[in-house]
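What follows is calculated from the coordinates using simple rules that are stated; it is not laboratory data. Since the structure is predicted, the reported quantities are computational estimates derived from the model, not experimental observations. When we count neighbours, we look across all protein chains shown, and the Cβ atoms used for this are built from the backbone with ideal geometry, even at glycine.
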Amino acid sequence: MNCVIDASALRKLFGNRRAVDGVSLRVNAGEVVGFLGPNGAGKTTTMRMLTGFLEPTEGRVSLAGIDIDEAPIEARKHFGYLPEGAPAYPEMTVREYLRFVGRARGIASGDLAARLMSVADRVHLGRVMDQSIETLSKGFKRRVGIAQAIIHDPPILIMDEPTDGLDPNQKHEVRELIRQMGSTKAIVLSTHILEEVEAVCSRVVVIAAGRIVFDGTPAVFEAMAPSSVQRHRMDHVFRQLTADATEVQP
């Protein structure tokens, strides 16, 4: 298997609080990993360490075989990141912003226009491309965040709540896009929506109190529910795995 995300024994301390406590995660190309956990479990902190936006107290991260601490710029070329909130320059139009991101990502000027059109089509941004970002709805802003993450066609995608703020039709479109990209890319997405895990993920990783408490397929995850539970079986398993976890700083 082609392992493109290799995180080993990640720990993060904020003062004397352990936000992440020994998380190791390996993700292969062609895997979509649903990264689950209650609020305060350490999900966002872990994702920020995976992307190099936050330095671990201990541990190491390798992306596409490149140590992010030793060669951060080279490692960052290999992933797209959709952070929580996906900040952008509000006064820019969508076209201006994506062109800016494309240039920053090193896309050749001769290829940029075609790449913008392709990405806009994939996330259905065509009718707002010349509208300023500050005037967009929350759903369209989220689509812009997804567009900037995939504009350079990276082999790795790390996405924090990718369908947050989207209506049911938009969620369906984004899930279809993730499913398509997941056939070749390594994707890690955090979500609180367990139906999203069923819809797009090939693997489930659950974190609680800064530690991984489950790592396996959605089928195995759901099968952990007793036969007496007929509905919302994944919700039941999630609650059981995380009920006794002590909250840590996010």
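With runs of 4+ DSSP H residues as the only contributors, calculate the mean residue ellipticity of the chain at 222 nm using -39,500 (n - 2.57) per run, divided by the residue total and rounded to the nearest 500. Intermediate results must be reported in sequence, preceding the final value.
Values: 9 runs with 88 residues, N = 250.
It comes out at -10000 deg cm²/dmol, rounded to the nearest 500.
Could you tell me what percent of the DSSP beta bridges with both partners in the chain are antiparallel, to the nearest 5?
Taking every DSSP beta bridge within the chain, about 55 percent pair in antiparallel fashion.
Kindly count the pairs of lysines across the chain whose alpha carbons are less than 21 Å apart, treating pairs on different chains or eight or more residues apart as eligible.
6
Radius of gyration and Dmax for the chain's Cα atoms, expressed in Å?
In order Rg, Dmax, the Cα atoms of the chain give 18.2, 60 Å.
So how far apart, in nm, are the two label points at residue 176 and residue 57 if each is 7 Å from Cα heading toward Cβ?
Placing both labels 7 Å beyond Cα along the Cβ direction yields 4.6 nm.
Please give the charge dipole size of the chain, origin at the Cα centre, charges +1 on K and R Cβ atoms and -1 on D and E Cβ atoms. Round to the nearest 20 debye.
Values: 30 positive and 31 negative charges, 25 e Å.
Roughly 120 debye for the chain.
How big is the C-alpha Rg of region 154-229 next to the rule-of-thumb value 2.2 N^0.38 Å, as a ratio? Don't jump to the answer; show the numbers that get you there.
Numbers: Rg = 13.4 Å, N = 76, 2.2 N^0.38 = 11.4 Å.
Scaled against compact globular proteins, the figure is 1.17.
What nm distance separates the two modelled labels at residue 74 and residue 183, each placed 7 Å from Cα along Cα→Cβ?
About 3.2 nm, to one decimal.
Would you mind getting me the FRET efficiency between residue 95 and residue 9? Use the beta-carbon distance for r and R0 = 45 Å, nearest 0.05.
Step by step, r from the Cβ atoms, then E = 0.55.
How high is the FRET efficiency from residue 130 to residue 167, r the C-beta distance, R0 25 Å, rounded to 0.05?
0.65
With all distinct Cα pairs included, what does the Kirkwood hydrodynamic radius of region 120-250 come out to in Å, to one decimal, could you say?
So the Kirkwood estimate lands at 16.5 Å.
Report D for region 88-153 in µm² per second (integer): Stokes-Einstein, Kirkwood Rh on Cα pairs, 4 °C, 1.567 mPa s.
Calculated translational D: 113 µm²/s.
For all pairs of alpha-carbon atoms in region 22-171, what percent lies in each bin of width 10 Å, listed from the first bin to the last filled one?
10, 38, 35, 16, 1
Could you give the distance between the Cα centres of region 3-24 and region 173-220, to the whole Å?
Using only Cα atoms, the two centres lie 19 Å from each other.
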